[in-house]
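Okay, structure first, notes after.
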Amino acid sequence: MLSLSAVKAQSIDAAISSVDIPNYVSERGSPKITGTVKNFGSDDLTSFDVVWTDGMDSHVYSVTETLATGESYSFTHPDEVLSVPTGFSANIVVSVEVAGDEDETNNSLNKLVEGIAFIPKKRVFGEEATGLWCGWCPRGMVGMEYMEEEYGDDWIGVAVHNSDVMENSDYDDWMGTKISGYPSGLVDRGGSINPAWSSLESAFEAQIGDFGVADISLYPMLMDDEVTVRVEFNFARDYDQDYRVAVLLAEDGLEGSGQTWAQANYYSGGGSGQLSGAGVDWHSAGSYVSGLTFNDVARQPITDVEGEDDLISGPFVADNPVVAELDAFTWDNDYDMDNTRVIALLINDNTGRVINAVESHLLETEIIEENGRTYYIIDGDTFQKWNDDFLVPTGVSAPAPVIDVKVYPNPANGIINVTLVENAEVLLIDMMGKVVARGSYTGTGNGVQFNSDYLSAGIYNVVVNTENASVVERVTVIK
């Protein structure tokens, strides 16, 4: 029998004890690889390399850090995985390398990743079931305020009121079928949970890392008292299935006087625990609290609350946006235009779960005609329609290409070449519609060049305008 005293630990033994490799990567930018290196050896580690490879190229991150026996080091590899083309897969191997390592069986972990067009921006959608009559509901009000303040644009919240002056019967009836009682909450329309801040935060953390499937652009265009809502979805990879789309209104800053606007408060006196937030120390307040300001209040659902399955239909092609345009409706003057937000949801047609979300205030819009073109002045910014469908910043209108243009390399890291065969103005425009560079071609040389060293990484539109036509090409700048 081998005694424990006869088992000798390795002197030098570094290991990758955990690693987080993204499921999806993009040539335009990817989440970085993170993980943990642990020292299982008896000697201190003073330096080591963390290396990831896609089977062709290796990326080395050198770390100078002293790790005693049993200690760990959490790393973020500075090099993103940008080498997997859309529609392809690669096995990413992450390893720790140290001179003299006596056990290399624990040095590596790996994962198969898929290349996609881009990484969508993911937002988490929360719904609170509440009512002024509900004495426990202040904790949901506090929880919703905490989530908005803590997570900003990553969190979109709606408070669905029951049996009080802020109730919307359509939304409330639907919510009543999804919860077990009051107060309750839903996060991305999963199961009913306690809407306290800690429960909402845990559910948020479980969802924020999910793949958002598509980037969503929302244009709730207000002309006089008529609203037209356009939602543009740009899918990051090809999808065969259908999705539902829901569009909802929520209003901030609601206030009222009298008992009908007073919030019941079972935390009064502190016997039910301490609760503070939303501008109130609830344990110090009375059994009914007046003078409150209510935010995120669910108002009119523009679509069915569960979404509608005929606004967009698959199959969807990566980086080929589709538009859902809702019928125009007359604004309800009971709602404050300045404090109302429009929310759009992308919903799994089979499970009813929310995949991604976006929100926007109402956008004051004017439509003008000039030189045979239609322009949309939206909140002071000028847009045109691209292929009679998509709203894009001024100058990016792209009818059927009739100009012989080539943009290379793509992606670019340095000089961007635009080759032409006819006189043209050439603009380089970022995705916010700002012209970041311009040039012109007058028949001399091969075209126009832009130096991307002065640009941030991201996607840019190369707009070529001739006397009779315009064309747009996209180029990705990497660093």
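The values are calculated or read from the model by the stated rules, or taken from the named source; none is laboratory data. The structure displayed is predicted, hence computed values, not measured ones. Here the Cβ is made from the backbone with ideal geometry for all residues, glycine too, and neighbour counts use every protein chain on show.
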- Task: Select from the stretch 1-14 the residues that are at pLDDT below 90 and either assigned to a loop (DSSP other than H, G, I, E, B) or closer than 20 Å to S95 by Cβ (or both) and list them in ascending order.
- Result: M1, L2, S3, V7, K8, A9, Q10
- If you go through the stretch 191-236, how many residues are more than 30 Å from E366 (Cα to Cα) and part of a strand (DSSP E or B)? 1
- Report, ordered by the first and then the second residue, all pairs with beta carbons closer than 7 Å, sequence separation of six or more or different chains, a first member in the stretch 311-336 that is under 28 Å from F294 (Cα atoms), and a second member that is surrounded by fewer than 17 Cβ atoms within 10 Å (Cβ to Cβ) and at pLDDT below 90. T330/D225; W331/D225
- Selection from the stretch 111-157 of residues buried (at least 23 other Cβ atoms within 10 Å of the Cβ), closer than 18 Å to W174 by Cβ and touching an Asp or Glu at 6+ places or on another chain (Cβ under 7 Å) yields F125, G140, I156, G157
- Message: Where the second residue is surrounded by fewer than 20 Cβ atoms within 10 Å (Cβ to Cβ) and part of a strand (DSSP E or B) and the first is touching a residue at least 60 places away in the same chain (Cβ under 8 Å) and of a type in the set (A, V, I, L, M, F, W, C) and lies in the stretch 21-48, which pairs have Cβ atoms under 6 Å and are six or more apart or on separate chains?
- Response: I21/K111
- Query: Can A250 be described as modelled with pLDDT of 95 or more and surrounded by 18 or more Cβ atoms within 10 Å (Cβ to Cβ)?
  - Reply: yes
- Go over the candidates Y454, Y441, Y460 one by one and state the one that is of a type in the set (F, W, Y) and surrounded by fewer than 20 Cβ atoms within 10 Å (Cβ to Cβ). Y454
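How about the stretch 220-242: which of its residues are polar (S, T, N, Q) and within 14 Å of Y376 (Cβ to Cβ)?
Hit for the stretch 220-242 is T228, nothing else.
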- Query: Exactly one of (1) over 25 Å from R123 (Cβ atoms); (2) at pLDDT below 85; (3) in the same structural domain as F450 (by TED's automatic domain parsing); (4) in a strand (DSSP E or B) is unmet by F383. Its number?
  - Reply: (1)
- Query: Which one of these is within 30 Å of V213 (Cβ to Cβ), of a type outside the set (F, W, Y) and modelled with pLDDT of 85 or more: L346, L427?
  - Reply: L346
- Taking interchain pairs and intrachain pairs at least six residues apart, which have beta carbon atoms under 9 angstrom, with the first residue in the stretch 157-171 and more than 18 Å from V354 (Cβ to Cβ) and part of a strand (DSSP E or B) and the second at pLDDT 95 or above and aromatic (F, W, Y)? H161/Y171; H161/F294
- Item | The listed residue being within 22 Å of I156 (Cα to Cα), touching a helix residue (DSSP H, G or I) at 6+ places or on another chain (Cβ under 7 Å) and among the acidic types (D, E), out of D304, D296 | D296
- Message: If the requirement is being among the acidic types (D, E), within 30 Å of P321 (Cβ to Cβ) and in contact (Cβ under 8 Å) with a residue 24 or more places away in the chain, which of these qualifies: E145, E127, E71?
- Response: E127
- Query: Among D332, D336, D319, D310, which is the only one that is in the same structural domain as F211 (by TED's automatic domain parsing), touching a strand residue (DSSP E or B) at 6+ places or on another chain (Cβ under 8 Å), farther than 17 Å from D225 by Cα and not β-branched (V, I, T)?
  - Reply: D319
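Would you point out which residue out of S17, S26, S83, S62 is surrounded by 12 or more Cβ atoms within 10 Å (Cβ to Cβ), of a type outside the set (V, I, T) and modelled with pLDDT of 95 or more?
Step by step, each of S17, S26, S83, S62 is checked, and only S17 is surrounded by 12 or more Cβ atoms within 10 Å (Cβ to Cβ), of a type outside the set (V, I, T) and modelled with pLDDT of 95 or more.
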- Message: Just to be sure before I move on: is D49 modelled with pLDDT of 95 or more and closer than 29 Å to K121 by Cβ in the structure I sent?
- Response: no
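Table: residues versus (1) under 24 Å from the mean Cα position of the chain (by Cα); (2) assigned by TED's automatic domain parsing to the domain that holds V317; (3) more than 24 Å from E255 (Cβ to Cβ); (4) among the aromatic types (F, W, Y).
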{"site": "T130", "(1), (2), (3), (4)": "no, yes, no, no"}
{"site": "C134", "(1), (2), (3), (4)": "no, yes, no, no"}
{"site": "V158", "(1), (2), (3), (4)": "yes, yes, no, no"}
{"site": "N162", "(1), (2), (3), (4)": "no, yes, no, no"}
{"site": "M166", "(1), (2), (3), (4)": "no, yes, no, no"}
{"site": "W174", "(1), (2), (3), (4)": "no, yes, yes, yes"}
{"site": "G181", "(1), (2), (3), (4)": "no, yes, yes, no"}
{"site": "E201", "(1), (2), (3), (4)": "yes, yes, yes, no"}
- For the stretch 237-247, name all the residues that are assigned to a strand (DSSP E or B) and buried (at least 19 other Cβ atoms within 10 Å of the Cβ). Y243, R244, V245, A246, V247
- Query: Here are V213, V289, V231: which of them is more than 30 Å from I119 (Cβ to Cβ), surrounded by 15 or more Cβ atoms within 10 Å (Cβ to Cβ), among the β-branched types (V, I, T) and modelled with pLDDT of 95 or more?
  - Reply: V289
- Message: Can you list residue pairs whose Cβ atoms sit under 6 Å apart, with the first residue in the stretch 405-416 being closer than 15 Å to V448 by Cβ and the second being polar (S, T, N, Q) and not in a strand (DSSP E or B)? Count only pairs 6 or more apart in sequence or on different chains.
- Response: A412/S452; I416/S452
